[in-house]
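Report on the following structure.
Every number here is computed from the coordinates shown, using simple stated rules; none is lab data. Everything numeric here is computed off the predicted structure, so don't read it as measured data. So basically every Cβ, Gly included, is an ideal-geometry build from the backbone, and we count neighbours across all protein chains shown.
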Amino acid sequence: MRITLVLENIRGGGAPFSAVNWANAWQRRGHQVSIVVVHPNEGQGADFALGEGVTLTRIDVQDRAVSSRFGALRRLWNCLSLLRGTIRATKPEVVLSFAAPINVRMLMACIGLPFHRIVMEQTHPGMESHGKFWEKWRKRLYPRASALVNLTRDAHDWCQERFPVARTAVIPNPVLPPATTGQPKRRGRLVVAAGRLVEQKRFDLLIAAFAMVAEESPDWNLVIYGEGADREWLESLVAGHGLAGRISLPGWAGDLSAKMAEGEFFVLSSGYEGFGNVICEAMAVGRPVVSFNCPSGPGDIIRHEVDGLLVPPLDTEGLAAGMARLMRDEALCARLGARAPEVLERFSLERTLEMWDALFERVMGEGRSR
């Protein structure tokens, strides 16, 4: 089968990581795989490695500021024409795209072309708005897709109420074994968190929650890996709580899995997630997770009282109580951590590929998109 993937970039977050791993796996299985990257200069870090035989084409369809509505329409037309020609050149049987604005562009560019089109949402659509224009066209064009894929059941149900797509599926991101090998080296009583330093991650609530338990747990520290626009504000919150010596924000970690393994447990304080890949990374190295049960992902990944603890969304006191339980109860922390690596089997690459196989069979066996 000839499969073409349309992505913003192949570096950085969970969507590119998952897409590249699926692309490489499909190529190993004998499929002809092409990737079209539409925002090649965005994202952090180096590009993820592509398997030999996976074709990569970089184009630039980034929106740029224009002085008039006519100019904006002309710019959009030129971008769609470039994308349409690039996709056609790969001669696909099925095209997959990831993330709402890219999904809409792909569906616009491929109107009338004779192949299947699958769109995948990488966040909970109800938690982010991409502007009136893209939201309007998402509502109009998603029903024309061959299938709509979500990462979680919660996001799937939300979309089903709003986008009447004939074929749908829930396919989580795959979890791969950590690169970290050998016996993890703990750094004493350490709590680890990680993510972009932006409002979505609600590290302000994590800092407040840690402050609630800091006095009764004086030998515990918190490290938050990541970078972002909220750094100065978060540092001021740490200083305001008098915890500059116990809460650190060292920036991005080169080997996040190794840094996670240095802690006793991991905490996720996000207001919302697309899936929560960072949860899986922590569990893969045997660390239990305390997390807000936010939309969407934590409730799909964490089995409460089995391999982690779920607390109500945005409940700072609940988050503090969850952390305090693991700080006080070493046996509980060890028991949850022992079950955490089962995430590697529950969300293995092979399992997610089986889900894609089932969807491809449904899509290829029925009529093409309009």
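Table for the structure above
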quantity: Radius, Kirkwood style, for the range 194-287 when every pair of distinct Cα atoms is counted (Å); calculated: 13.6 Å
quantity: Contour excess over end-to-end distance, with Cα ends at Ala244 and Glu317 and 0.36 nm allotted per residue; calculated: 24.2 nm
quantity: Contact order normalised by residue count of the chain, Cα under 8 Å, 6+ apart, percent; calculated: 14 percent
quantity: Cα gyration tensor shape for the range 305-370, rounded if a/c is under 1.5, else prolate or oblate; calculated: oblate
quantity: Placed amide H near Leu5: partners under 5 Å, 5+ positions off or other chain; calculated: Ser34, Ile35, Val36, Leu96
quantity: Over the range 190-346 - Rg/Rh using Cα atoms and the Kirkwood inverse-distance radius; calculated: 0.93
quantity: Length-normalised contact order of the range 94-174 in % [C-alpha pairs under 8 Å, at least 6 apart]; calculated: 29 percent
quantity: Per-residue ³J(HN,Hα) for the range 168-176, Karplus 6.51 cos²θ - 1.76 cosθ + 1.60, θ = phi - 60°, Hz, x for Gly and Pro; calculated: 9, 7, 10, 10, x, 5, x, 10, 9
quantity: Among 191-197, 165-171, 330-336, the order from most to least packed when residues are scored by Cβ within 10 Å on average; calculated: 191-197, 165-171, 330-336
quantity: Debye log10 I(q)/I(0) for the range 79-200, one point scatterer per Cα, at q = 0.11, 0.17 Å⁻¹; calculated: -0.50, -0.90
quantity: Rounded to 5, the percent of DSSP beta bridges in the range 162-262 classed as antiparallel; calculated: 0 percent
quantity: Leu309 long-range amide H proximity, modeled H, under 5 Å; calculated: Val289, Val290, Ser291
quantity: HN-Hα J in Hz across the range 95-106 - Karplus 6.51, -1.76, 1.60, θ = phi - 60°, x for Gly and Pro; calculated: 10, 10, 10, 10, 5, 3, x, 5, 4, 5, 4, 4
quantity: Length gained when the stretch Arg231-Ala253 is fully extended (0.36 nm per residue, less Cα-Cα span); calculated: 6.4 nm
quantity: J(HN,Hα) series, the range 107-117, from Karplus relation 6.51 cos²θ - 1.76 cosθ + 1.60, nearest Hz, glycine and proline x; calculated: 5, 4, 5, 9, 4, x, 8, x, 8, 7, 10
quantity: Computed over the range 256-369: relative contact order in percent, which uses C-alpha pairs under 8 Å that are six or more apart; calculated: 24 percent
quantity: R0 of 22 Å, Cβ-Cβ distance Glu361-Glu135: FRET efficiency to nearest 0.05; calculated: 0.10
quantity: Theoretical gain in end-to-end length, His304 to Arg74 [0.36 nm per residue, Cα-Cα removed]; calculated: 77.6 nm
quantity: Residues whose placed amide H lies under 5 Å from that of Arg167, excluding near-sequence neighbours; calculated: Leu148
quantity: Cα gyration tensor shape for the chain, rounded if a/c is under 1.5, else prolate or oblate; calculated: prolate
quantity: Two-decimal ratio, the range 123-268, of alpha-carbon radius of gyration to 2.2 N^0.38 Å; calculated: 1.36
